[in-house]
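Colleague: Just dropping this structure here.
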Amino acid sequence: MAHLDNEFLNKKYQKWDNFKDDEDDIEAIPASAQQTQYDHAGEEDITVVDQMLLTPAQLEKFKRMDQKKSEIWQIVVRKLRVWSASSEGAAEGEEAIPCRPYAILVNNIYPLGQVVSKKICDPPQVFPSAQEILALSLDAMADPPNSIPQHRPDKIVFADKRLVGDLRVSYAALGIECTYLTESEGIDACISELSGHLIRKDMASIGSVSEKPGLLSLGISPDQVKEFYATCAKFAELQPWRRMVERQAIQIDASSSLSLNSKPNSSVQGGSVYVSVLGHVDDPTKEDSLKGMALFFTRTDLQRRVLPPGQTLALMENPALRRCAACDKKAPADKELKRCTRCQCVFYCDANCQRSHWKDHKINCVDPSKQQDQKQQWGARELSVFFGGITSMTFDDLDAIDKYDCRVAEGSAAYPTPLLFRNGEASLPTSADLLWLVRGMQSIIQMQTTSPGFMNASMPELLGLKEDETKLTLTISTMTQENEPVVIRNSSVLSMHDVQALRELVQKRQEEKNSATPPPAPTDGDAPATSDESSCSIM
């Protein structure tokens, strides 16, 4: 709940008792600013429930009321765009659980074009029953606004086909047609006005990110949004931060071109990126660290962000550990790679490699003397996915998750938020950035699922103990629901202290292996050597 800053979460739900009597605030009943329009979608998928929810007394009372021909009401159930405490926890004095209260709006879409009744549900986190919705509509007939005489509408429509099926029999008994219509224009404005009213009355609040644009504002399709959230859910369920530390990064080499649509900033080419898993803690019982994944477009940015303060990269002190930033090759035994004279932390085979890499490197080529006073080193451009509480997401994204039945991993801190950082300034990523984030998460998922021992197996080459480079070719699913091959390489960021400690550990393990009795030959049921999951034990 770090995103919210008020005391409403500790209040019990008697606060809604005052809401009904607050009709003197004209903004509490917003009128539609324009003539209502809607689309009729037919009777498909409506299952009529044979139940009568009206009592005999109600039938007699409301059938005596006049009925206005052609008057149409639409009843809408929506989550408000505010945060408040759910009835769970708050009532018992425990830590409150945040929720977006459900509200019922009875909207006279023709001829008035305004909300004639409203109710915030109690408990607020529970979708209202058909009986509760029926009762509110009967109250609106018996007590209409603006001194209008009691009457029945000609039609009552819903944007929820399930509610049509639940209430059709009861409304038909009153001579009211009950059918399905898409939501009328102006409902969003009504929800926003009602939400704002609660905030002004200090009955609810919003977070710092709540009203920011969601992923659908990028112009991607609902299916693509579902695919993104499905990948995030798999990543969160895998919990890779339990087995990898931030400096155990991987390099992902992709060769495919992917496109979400024909709009600008919606496609990516092949290339190399560097991915780091965020949130490792030595004590699994302490889960208070920020969880997620960071993706960098240059190795330099990765190194600046994950190397602990006060430590020096091993490759800065040991030429044998250096690789060309352009072609990724090591220098021959009798030569050294040439260093970039400005940033002094990138190396090249020759001028040709430097020229070919300059387009990628120039935005990150910074004189180190100008960064000495900066506590946090930010790259020119990096991407992240963070997993947090439900209040860390925008209302638009939460609405999309509900509307399109997107998957979210179980747990109170499993809601994903993608971010683009430009020199440390956070913003909504582009749709092309989402393609890269899915590539990164899927690569981690496949690596830990199929080859969990890869990081250990490939560590000796980073320590200068092995010349051959270990690569891992994986087939991953993409945000376009296609499969693509990627090549994974160990790109862990090591200090000289790390190299010395890891060399000693590797040599010790080798000595123990040589002195031990040879193990029996593996059978078909044995796991392969790459299934060793102790990846982070040597970091």
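Colleague: In region 181-205, what residues are more than 29 Å from residue 110 (Cα to Cα) and either surrounded by 15 or more Cβ atoms within 10 Å (Cβ to Cβ) or hydroxyl-bearing (Ser, Thr, Tyr) (or both)?
Modeller: If the condition is that a residue be more than 29 Å from residue 110 (Cα to Cα) and either surrounded by 15 or more Cβ atoms within 10 Å (Cβ to Cβ) or hydroxyl-bearing (Ser, Thr, Tyr) (or both), then 199, 203, 204, 205 are the ones that fit.
Colleague: Shifting gears a bit: Among (1) modelled with pLDDT of 70 or more; (2) within 35 Å of the chain's Cα centre (by Cα); (3) not assigned by TED's automatic domain parsing to the domain that holds residue 387, where does residue 293 come up short?
Modeller: (3)
Colleague: Would region 225-236 turn up any residue that is assigned to a loop (DSSP other than H, G, I, E, B), modelled with pLDDT of 95 or more and among the basic types (Lys, Arg)?
Modeller: no
Colleague: Output the residue which, of all residues in region 389-437 that are within 17 Å of residue 379 (Cβ to Cβ) and hydroxyl-bearing (Ser, Thr, Tyr), is surrounded by the most Cβ atoms within 10 Å (Cβ to Cβ).
Modeller: Once the filter is applied, the top-ranked residue is 430.
Yes/no matrix, rows are residues, columns are (1) in contact with a Cys (Cβ under 9 Å, 6 or more places away or on another chain); (2) within 30 Å of residue 325 (Cα to Cα); (3) free of Cβ contacts under 8 Å to residues at least 24 places away in the same chain; (4) among the acidic types (Asp, Glu):
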residue	(1), (2), (3), (4)
158	yes, no, no, no
177	no, no, yes, yes
192	no, no, no, no
195	no, no, no, no
211	no, no, no, yes
216	no, no, no, no
235	no, yes, no, no
241	no, yes, no, no
251	no, yes, no, no
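Yes/no matrix, rows are residues, columns are (1) closer than 22 Å to residue 291 by Cβ; (2) touching a Pro at 6+ places or on another chain (Cβ under 9 Å); (3) of a type in the set (D, E, K, R):
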{"site": "398", "(1), (2), (3)": "yes, no, no"}
{"site": "401", "(1), (2), (3)": "yes, no, no"}
{"site": "407", "(1), (2), (3)": "yes, no, yes"}
{"site": "418", "(1), (2), (3)": "yes, yes, no"}
{"site": "459", "(1), (2), (3)": "no, no, no"}
{"site": "470", "(1), (2), (3)": "no, yes, no"}
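Colleague: Sticking with this one: Take the residues of region 244-286 that are of a type in the set (Ser, Thr, Tyr) and not in a loop (DSSP other than H, G, I, E, B): which is farthest from residue 478 (Cα to Cα)?
Modeller: 276
Colleague: Please specify each residue of region 331-347 satisfying the condition of being surrounded by 12 or more Cβ atoms within 10 Å (Cβ to Cβ) and either touching an Asp or Glu at 6+ places or on another chain (Cβ under 8 Å) or not basic (Lys, Arg) (or both).
Modeller: Matches in region 331-347: 331, 337, 338, 340, 342, 343, 344, 345, 346, 347.
Colleague: What are the pairs with Cβ atoms under 6 angstrom where one residue, in region 475-486, is assigned by TED's automatic domain parsing to the domain that holds residue 268 and surrounded by 12 or more Cβ atoms within 10 Å (Cβ to Cβ) and the other, located anywhere, is assigned to a loop (DSSP other than H, G, I, E, B) and of a type outside the set (A, V, I, L, M, F, W, C)? Sequence gap at least six, or different chains.
Modeller: Once the first residue is assigned by TED's automatic domain parsing to the domain that holds residue 268 and surrounded by 12 or more Cβ atoms within 10 Å (Cβ to Cβ) and sits in region 475-486, its partners that are assigned to a loop (DSSP other than H, G, I, E, B) and of a type outside the set (A, V, I, L, M, F, W, C) give 484/256; 484/478.
Colleague: Still on this structure: Contact list please: Cβ distance under 7 Å, first residue in region 460-472 and polar (S, T, N, Q), second residue in a loop (DSSP other than H, G, I, E, B), pairs at least six apart or on different chains.
Modeller: Pairs found: 470/458.
Colleague: Six or more apart or on different chains, Cβ under 7 Å: which pairs go from a residue in region 348-361 that's surrounded by 13 or more Cβ atoms within 10 Å (Cβ to Cβ) to one that's of a type in the set (Ser, Thr, Tyr) and modelled with pLDDT of 85 or more? Could you list them?
Modeller: That search, which allows pairs on different chains as well, returns 360/298; 361/298.
Colleague: Then there's this: For region 143-156, enumerate the residues that are under 45 Å from the mean Cα position of the chain (by Cα) and exposed (fewer than 14 other Cβ atoms within 10 Å of the Cβ).
Modeller: 143, 146
Colleague: Something else about it: Just name the residue that is farthest from residue 294 (Cα to Cα) out of those in region 207-219 that are crowded, with 20+ Cβ neighbours inside 10 Å and modelled with pLDDT of 95 or more.
Modeller: Filtering region 207-219 for residues that are crowded, with 20+ Cβ neighbours inside 10 Å and modelled with pLDDT of 95 or more, the one farthest from residue 294 (Cα to Cα) comes out as 210.
Colleague: When you scan region 458-472, do you find a residue that is assigned by TED's automatic domain parsing to the domain that holds residue 257, modelled with pLDDT of 90 or more and touching a Cys at 6+ places or on another chain (Cβ under 9 Å), even just one?
Modeller: no
Colleague: Quick check: is even one residue across region 95-112 at pLDDT below 90, surrounded by fewer than 18 Cβ atoms within 10 Å (Cβ to Cβ) and not assigned by TED's automatic domain parsing to the domain that holds residue 389?
Modeller: Looking for residues that are at pLDDT below 90, surrounded by fewer than 18 Cβ atoms within 10 Å (Cβ to Cβ) and not assigned by TED's automatic domain parsing to the domain that holds residue 389, one finds at least one in region 95-112, hence yes.
The values are calculated or read from the model by the stated rules, or taken from the named source; none is laboratory data. Given the structure is predicted, the values throughout are model-derived calculations rather than measurements. All Cβ positions, even for glycine, are placed from backbone atoms using ideal geometry, and neighbour counts span all protein chains on display.
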